[in-house]
Amino acid sequence: MKENKDNLFVRTRRRIVNYFLTNKLFVSYVILALLGTIVARGFSFGHTFYLKAHATDLAMILIIGSFVYFMKPKNRFKYLLFWLAVFAGIETINVIYYKFFTSFASFGELATLGQTETVVGSIFEKLRVINFIYVLNPLIFIYLYTKMNKTAYFNFIEKINRAKRCFFGTLLGALLCLIFTFASATKTDYSRLVKQWNRVYVADRFGFIMYQFNDLVQTLTPKFSSLFGYDDALKKFERFFTKEEINEYAAKNQYTDIFKGKNVIFVHMESIQSFLMDLEFNGEEVVPTVNKLAKEGMYFENFYPQISTGTSSDTEFTLLSSLLPAASGTVFVSYYNRDYNTIPKYLKEQGYKTFSVHGNHASMWNRSKVHPRLGYDKMYFEESFVYTEDDVINLGINDSLFFKQVIPILEGYEKEDSPYMSTVITLSNHSPFIYKDKYAPFDLSDTVVDAKGKTVVTNYLDGTPVGNYIVSSHSADLSLGNFIDYINESEYFDDTIFVFYGDHDARLSRSEINYLYNYNPADGSTYEVGDEEYKDYDIFDHELNKKTPLIIWSKNKTIRDNLNKTVSYTMGMYDVMPTIGNMFGFKNPFALGHDIFNIKNNNVVVFPNGSYVTNEVYFSNQNGKYKTLKTNAVLDENYVKSRADYAEERLEVSNAIIVHNLIKNDGDNLLNKLDNEGE
């Protein structure tokens, strides 16, 4: 018996050794390909080892590579080199994408590539040479092939001809890896793989290669037939918007119709985050104008944007429609030709004139085509403004000059008899925040005691990403302040409501903002856990810190006195339309958000990746973990799960509406059906 075992061991060892000796090229391909996915994981997730994901990546690498055995040995190199280049491309693109969007690239967003021209500086600001290390894999493979080609290796392989055995053996190895990864998968894993909208989770759990191929399938499937999934989407739509859902939290309240017939100007404040409102340097506030508006108006202190890869365009869409961003691609580029219920459309029904103002190209985020679809009668883009190249900061005309030229446009509408609605989109505070010579000066220095006990002046934030962002934001705030000063002094705007909102966060990493909170000026290090001065800033804190200001304000003192308050309810961008709609006398029956003054503390803000925040908890859909937001609070697990289900349902319904144009095709039918049921 022992002799048989020894022989089996010897035979197995011999076969393994022979496999490696006769498959040097293929083994090199596998090692390099797998190594690339491991490095990519380290650059994005911050950790390199996760057995389930590596097993899936290895399975995909083996399956793709196995077909090489149908080729002659000397022709195999080109096939394997091609796939190594593809893998290197996938890894490079996704690492870059993750650094900028904290998500992963999708084939559905190929149509948005034209938008990268104006944000390319923001992207490359975050890159390092090492992020392109993947190009070495194909080069190393070429080198190894050259060395093998100088020997009799390929002639030897051709003579022994074990291709069929190698093909089936390779597939068997891939199958074992797949059995391992899918046998250990949970229902949640399967659900997220199928739905794909939580890209970070899918890439983390199933690896980069499976993620990208699954994304390709998800992107192409609906393209084969415009009717694909329509019936299922319609069922979700009808099941969701019941009479109870539409009427829930839709009752009148103390703010109903208070602004009916008044003008309204939405001011889109680029990249202004709420934490800036708490910062001072040398006694000077970073954003004094935003602080002043918050004190005078109605300030929503727990307001969260709900953006995906469309960033500013996602904010525009969600604010105006109360729907969430598309699961794949962006609404402004991929689904702009749908019909949505929007604020401009409802106000036009009340006789309003509607227009948008933006100092960037009309083609940016496809706005020239999207804005008319959203209900704007007129658009004022880059060509409507007079400026020189010296007046440009980042993407277009600087905010100071922009506001000066916006004022005559607004006053022109103020002089007319009919009310108007406008969206004014600012630009200067867009990343990258590197235009120090064009920003208003702001002193970031601080006086501290160093390690030797000597009092010194330090300017440690100067030139850092977070320091540059603070200076840029201060400059943008001053431009906004000059605009508000003019509004206050103008003979117009007494009957006009302003809605100021930060469109999204500054896209700074946790480590970059942590530098603001935990820098040790005494020795130039950062405070660590356990240090007396350490301020906790974990990944949950970083996500919560992405909230932005939302302020409703008027120069009219009577209106302002009625508005003046701080609202602490947790609120999302998709709650703006129902809340504002109630104030202006209209209601969108297909809104996903709620009037915040009706739902109050029961609100759930759903993010496009399936995470959510309430007044009680922040839940991360990437890893299923959560953080309670009240000291010593203990939550029932059912509370967390039920709201995770709530988030998933809204994501699915929103995407069904967008992809299948359900409001146009079936909205009226559903409302008539519900009305008949109520009779």
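The values are calculated or read from the model by the stated rules, or taken from the named source; none is laboratory data. Keep in mind it's a predicted model, so treat the numbers as computed, not measured. Don't worry about glycine lacking a Cβ; one is built from the backbone with ideal geometry, like all the others, and counts go over all protein chains shown.
Structure above, values below:
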| read-out | value |
| --- | --- |
| Hey, Ile160 modelled with pLDDT under 80 and in the same structural domain as Leu80 (by TED's automatic domain parsing) or not | yes |
| Boolean, Thr318 is under 19 Å from the mean Cα position of the chain (by Cα), under 23 Å from Ala476 (Cβ atoms), at pLDDT 95 or above and assigned by TED's automatic domain parsing to the domain that holds Lys369 | yes |
| Spans of strands (runs of 3 or more DSSP E) in region 322-438 with at least 2 residues crowded, with 20+ Cβ neighbours inside 10 Å | 353-358, 420-425 |
| Output for region 246-276, where each listed residue is over 17 Å from Asn562 (Cβ atoms) and either surrounded by fewer than 16 Cβ atoms within 10 Å (Cβ to Cβ) or not assigned by TED's automatic domain parsing to the domain that holds Thr579 (or both) | Asn247, Glu248, Ala251 |
| Filtered residues of region 473-492 (kept if under 15 Å from Phe402 (Cβ atoms) and of a type outside the set (A, V, I, L, M, F, W, C)) | Ser475, Asp477, Ser479, Gly481, Asn482, Tyr486 |
| Filter pass, Tyr501 being in a strand (DSSP E or B), under 20 Å from His542 (Cα atoms) and either in the same structural domain as Leu374 (by TED's automatic domain parsing) or aromatic (Phe, Trp, Tyr) (or both) | yes |
| Qualifying residue in region 355-373 (condition: over 21 Å from Tyr501 (Cβ atoms), modelled with pLDDT of 90 or more and in contact with a Gly (Cβ under 6 Å, 6 or more places away or on another chain)) | no |
| Flag if Asn214 is outside the structural domain of Trp365 (by TED's automatic domain parsing) and polar (S, T, N, Q) | yes |
| Conditions (1) more than 30 Å from Leu461 (Cα to Cα); (2) over 28 Å from the mean Cα position of the chain (by Cα); (3) outside any loop (DSSP other than H, G, I, E, B); number of the one not met by Glu491 | (3) |
| Leu662, sole failed condition from (1) touching a Ser or Thr at 6+ places or on another chain (Cβ under 9 Å); (2) touching a residue at least 24 places away in the same chain (Cβ under 8 Å) | (1) |
| Residue tally, condition hydrophobic (A, V, I, L, M, F, W, C), surrounded by 13 or more Cβ atoms within 10 Å (Cβ to Cβ) and assigned to a loop (DSSP other than H, G, I, E, B), over region 526-562 | 0 |
| Every residue from region 619-636 that is surrounded by 22 or more Cβ atoms within 10 Å (Cβ to Cβ) and either without any contact (Cβ under 8 Å) to a residue 24 or more places away in the chain or not in a loop (DSSP other than H, G, I, E, B) (or both) | Phe619, Tyr626 |
| Among the residues listed as Phe213, Phe241, Phe182, the single one being modelled with pLDDT of 85 or more, within 18 Å of Glu652 (Cα to Cα) and out of contact with any Lys or Arg (no Cβ under 9 Å at 6 or more places or on another chain) | Phe241 |
| Filter pass, Ser479 being in contact with a helix residue (DSSP H, G or I) (Cβ under 7 Å, 6 or more places away or on another chain), touching a residue at least 12 places away in the same chain (Cβ under 8 Å) and in a helix (DSSP H, G or I) | yes |
| Subset tally (residues that are part of a loop (DSSP other than H, G, I, E, B), more than 20 Å from Gly481 (Cα to Cα) and not β-branched (Val, Ile, Thr)) for region 563-584 | 2 |
| Single unsatisfied condition, Ile513 versus (1) closer than 24 Å to Thr426 by Cβ; (2) of a type outside the set (D, E, K, R); (3) assigned to a helix (DSSP H, G or I); (4) at pLDDT 95 or above | (4) |
| Test: residue in region 494-501 that is farther than 19 Å from Ile470 by Cα, surrounded by fewer than 16 Cβ atoms within 10 Å (Cβ to Cβ) and in contact with a strand residue (DSSP E or B) (Cβ under 9 Å, 6 or more places away or on another chain) | yes |
| For Tyr486: the one exception among (1) under 32 Å from the mean Cα position of the chain (by Cα); (2) part of a helix (DSSP H, G or I) | (1) |
| Checklist (1) modelled with pLDDT under 90; (2) crowded, with 20+ Cβ neighbours inside 10 Å applied to Phe483, failing item | (1) |
| Candidate set from region 91-116 (those that are hydroxyl-bearing (Ser, Thr, Tyr) and more than 17 Å from Arg507 (Cβ to Cβ)); member that is modelled with the lowest pLDDT | Ser106 |
| Any hit, region 497-504, residues being at pLDDT below 95 and acidic (Asp, Glu) | no |
| Top-ranked residue of region 130-146 - restricted to ones that are in contact (Cβ under 8 Å) with a residue 24 or more places away in the chain and of a type in the set (Phe, Trp, Tyr), ranked as surrounded by the most Cβ atoms within 10 Å (Cβ to Cβ) | Tyr134 |
| Listing of helices (runs of 4 or more DSSP H) fully contained in region 208-299 that carry 1 or more residues being within 25 Å of Leu347 (Cβ to Cβ) and of a type in the set (A, V, I, L, M) | 243-247, 288-296 |
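Yes/no matrix, rows are residues, columns are (1) at pLDDT 90 or above; (2) over 30 Å from Thr219 (Cβ atoms); (3) in contact with a His (Cβ under 6 Å, 6 or more places away or on another chain); (4) assigned to a loop (DSSP other than H, G, I, E, B):
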site	(1), (2), (3), (4)
Gly593	yes, no, no, yes
Phe597	yes, yes, no, no
Pro608	yes, no, no, yes
Tyr639	yes, yes, no, no
Ile663	yes, no, no, no
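Residues checked against (1) β-branched (Val, Ile, Thr); (2) more than 23 Å from Tyr299 (Cβ to Cβ):
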| position | (1), (2) |
| --- | --- |
| Asn514 | no, yes |
| Ala522 | no, yes |
| Tyr527 | no, yes |
| Asp536 | no, yes |
| Ile552 | yes, no |
| Asn556 | no, no |
| Asn564 | no, no |
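Residue-by-condition table, conditions (1) out of contact with any helix residue (DSSP H, G or I) (no Cβ under 8 Å at 6 or more places or on another chain); (2) within 27 Å of Ile93 (Cβ to Cβ); (3) modelled with pLDDT under 70:
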| position | (1), (2), (3) |
| --- | --- |
| Ile133 | no, yes, no |
| Leu139 | yes, yes, no |
| Leu144 | no, yes, no |
| Met148 | no, no, no |
| Phe167 | no, no, no |
| Leu171 | no, no, no |
